[in-house]
Amino acid sequence: MNPIVLKEKISEFLKEDLGFGDLSVAFLPGGTPLSGSFIAKQSGIICGQEIPQATYDLLGHATYKPRIPDGAPVKAGDIIGTVSGTAQTLLSGERVTLNLIQRMSGIATQTTHFVKLLDDATIRITDTRKTAPGLRLFDKYAVSVGGGFNHRFDLTGGIMLKDNHIALAGGVTQALAAVKRHVGPLEVEVETEEELRQAVAGGANVIMFDNQNPETIKQWRQLVPKTIKVEASGGITAESISTFKGCGADFISIGNLTNDVTPLDISFLVAGAVKS
């Protein structure tokens, strides 16, 4: 992750959470030295080990030591990292740190699950721009840690002509002709065989088969030169992903990698604290 953007984002999150200060610590000995541990409470894939130290650097007076690297599996009870510093820093930074690590680990865990279910090394599973506002840096990093790949990071990442763009231009042929001056890759979404033929003839570099079943993808793939990449997308779930094995697509994009996130349960406890 870009360290400059990372700290800018965490600074923003800390401002939101701290307001004018942490009242819960204000009347306690905040300068007291403490140590603490981040503990996994369920199995999954860890992601976000840069987050604690980046947070503590902004608050001051704490050092984090990760015990398990990003991308590694954990089980309930595993200590993923330890920290030592002042009580003020550890307690004031707890929630922001946990929120990010839990979400990122949840995304990495889900991505790994999809990759294993597909079980096809010839197809890359990618994310989409269906990320939580403000969290795209973290969400997309987590996908890559989980074994997936990143699609466009933002709208400047390439031309991608979807249904609304095609309607605006008056068709696939007209849309591709309108953007032909672009020197980078051109991707176009198709929903019919006729649109597919127009996309091939119009010079698309990537063609997205939108909401098509594996059998249709196999058939349509035969109409696409090997020099053109094929992406499958739309409504692909954990229940259906295995049926796309061997379908011929180069990529499968799945919005739910980042759009339907179950955070991995992780707790933070300082020495001497007891939690059932």
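The values are calculated or read from the model by the stated rules, or taken from the named source; none is laboratory data. Please read these numbers as outputs of a predicted model, since none were measured by experiment. Note that each Cβ is placed from the backbone with ideal geometry, even for glycine, and that neighbours are counted across all protein chains shown. Surface accessibility is based on the protein's heavy atoms, side chains included, excluding ligands, DNA and RNA. Shrake-Rupley method; radii C 1.70, N 1.55, O 1.52, S 1.80 Å.
Remarks
- Close contacts from segment 232-246, counting a first residue that is of a type outside the set (Ser, Thr, Tyr) and a second that is outside any helix (DSSP H, G or I) and open to solvent by 30 Å² or more (accessible area, probe 1.4 Å), with Cβ to Cβ under 7 Å and a gap of 6+ residues or different chains, come to Ala232/Gln212; Gly234/Asn211; Gly235/Asn211; Lys245/Asp119.
- Looking only at residues in segment 78-95 that are at pLDDT 95 or above and among the hydrophobic types (A, V, I, L, M, F, W, C), the one that is most open to solvent (accessible area, probe 1.4 Å) is Ile79.
- Boolean, Leu98 is surrounded by fewer than 21 Cβ atoms within 10 Å (Cβ to Cβ), farther than 17 Å from Ile45 by Cα, modelled with pLDDT of 95 or more and hydrophobic (A, V, I, L, M, F, W, C): no
- Within segment 144-170, the only residue that satisfies the criterion of being within 14 Å of Gly184 (Cβ to Cβ), open to solvent by 40 Å² or more (accessible area, probe 1.4 Å) and not in a loop (DSSP other than H, G, I, E, B) is Ile159.
- Ala177 vs. criteria touching a helix residue (DSSP H, G or I) at 6+ places or on another chain (Cβ under 6 Å), open to solvent by 30 Å² or more (accessible area, probe 1.4 Å) and more than 27 Å from Thr237 (Cα to Cα): no
- Here Phe20 passes the criteria (1) aromatic (Phe, Trp, Tyr); (2) under 22 Å from Thr109 (Cβ atoms); (3) modelled with pLDDT under 95 except the one numbered (2).
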